[in-house]
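Undergrad: Below you'll find the structure I mean.
Derivation of every value follows stated rules applied to the coordinates shown; laboratory data play no part. Quick caveat, the model's predicted, so the values are computed rather than measured. Every residue, glycine as well, gets a Cβ built from its backbone with ideal geometry; the counts of neighbours run over all protein chains shown.
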Amino acid sequence: MPYTKLYPIILISDYAKKIIQDIISGVVIEEPKNPLTTTRNLLCSSFTTNTKITRDFEGQQRIKKEQEQLILRFIEENSFLHINSIDEKYYLTEGGEAKVFFSIDKKHVIKLNDAIYYNNWLDFLNSLLIHNQFFPDTCYELKGFVVMNEILFAVLEQNFILSNEVVDLMEVEVLLAYNGFEKIKRNDFYNNNLGLLLEDIHDENVIKQNGSYFFIDTVFYLNIEE
């Protein structure tokens, strides 16, 4: 099958592997120093990182609530509440995991995410950090948090990329295999070397522009096989 430019084909760096290993080990990430790593480090200093997918819904919801209270205290003490109001006129769309708005400069999108797809906030922040290691051109920047209708949302900024070609999921499968992710069922992939589960890879979460693929919404879970 003739494939177009399979992008991003990434040989993950030793630096990125170290960050992922730090995430798995539940230790503080020294660099880069930014709001995302700072908030993640805050949570991992008080909570254990999940290295296996757990089905203990009630227990995890209790932990998620405790982490939310810690985040709320942190943002209050550090003025990390997102102060720029979200203008409804820039509203684009929303899915199961996020409300999406244009940024004022029209070069980025702003995503409000309440970590609904994750057991807790630490799992969510870990997933964002892992995404940034694999897909730097669509990396997430944590701009702060906002409380809407008594629900805590992370305010994330990401490059806006306009699709101009149809996504071929067979090409996406080849691309992910090159990066160590083997398809295990439908739209889910597993990286055995890193112990990472990547879920929900379909044609709404991947964009194709001028022959290049960009992953805009990923869901990573740590799932270390024993």
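Undergrad: Suppose the Debye formula is applied to equal point scatterers at every Cα of the stretch 99-226; what is log10 I(q)/I(0) at q = 0.20, 0.21 Å⁻¹?
TA: Log10 I(q)/I(0), no solvent term: -1.25, -1.34.
Undergrad: So what's the net charge close to GLU88: Lys and Arg +1, Asp and Glu -1, counting the other residues with Cβ under 14 Å from its Cβ?
TA: That works out to 0.
Undergrad: Which percent of the Cα-Cα distances in the chain go past 24 Å?
TA: When every Cα pair of the chain is considered, 44 percent fall beyond 24 Å.
Undergrad: What value, in deg cm²/dmol to 500, does the helix sum -39500 (n - 2.57) over DSSP H runs of n ≥ 4 give at 222 nm once divided by the residues of the chain?
TA: Estimated from H runs of four or more residues: -9500 deg cm²/dmol.
Undergrad: Whole Å is fine, so just give me how far the alpha carbon centre of the stretch 12-68 lies from that of the stretch 123-139.
TA: If we compute the Cα centre of each part, the gap is 12 Å.
Undergrad: Do any GluC sites (Glu not before Pro) in the stretch 66-169 lie in a DSSP loop with no more than 12 other beta carbon atoms within 10 Å, and if so, which?
TA: GLU150
Undergrad: Where in the chain are the DSSP H helices whose C-alpha atoms run 18 Å or more along the long axis and whose mean Kyte hydropathy is at least -1.0? It would help to have the intermediate numbers written out before the result.
TA: Details: long enough: 57-77 (30 Å, -1.05); 121-134 (20 Å, 0.46).
Membrane-span-like by this criterion, though nothing is claimed about a membrane: 121-134.
Undergrad: Which trypsin sites (Lys or Arg not before Pro) in the stretch 84-185 pass both tests, a DSSP loop state and at most 16 other beta-carbon atoms within 10 Å?
TA: LYS106, LYS107
Undergrad: Arranged by the count of other C-beta atoms within 10 angstrom, fewest first, what order do ILE63, ILE23 take?
TA: Fewest-to-most ranking of ILE63, ILE23: ILE63, ILE23.
Undergrad: For the stretch 11-64, how big is the tail of P(r) above 17 Å, as a whole percent of Cα pairs?
TA: Summing the P(r) of the stretch 11-64 above 17 Å gives 45 percent of all pairs.
Undergrad: Here is a further query. Within the set of other residues whose C-beta is less than 12 Å from the C-beta of MET148, count the net charge using Lys and Arg as +1 and Asp and Glu as -1.
TA: -2
Undergrad: What value in Å³ per residue do you get for the convex hull of the alpha-carbon atoms in the stretch 169-222?
TA: Once divided by residue count, the hull of the stretch 169-222 is 71 Å³.
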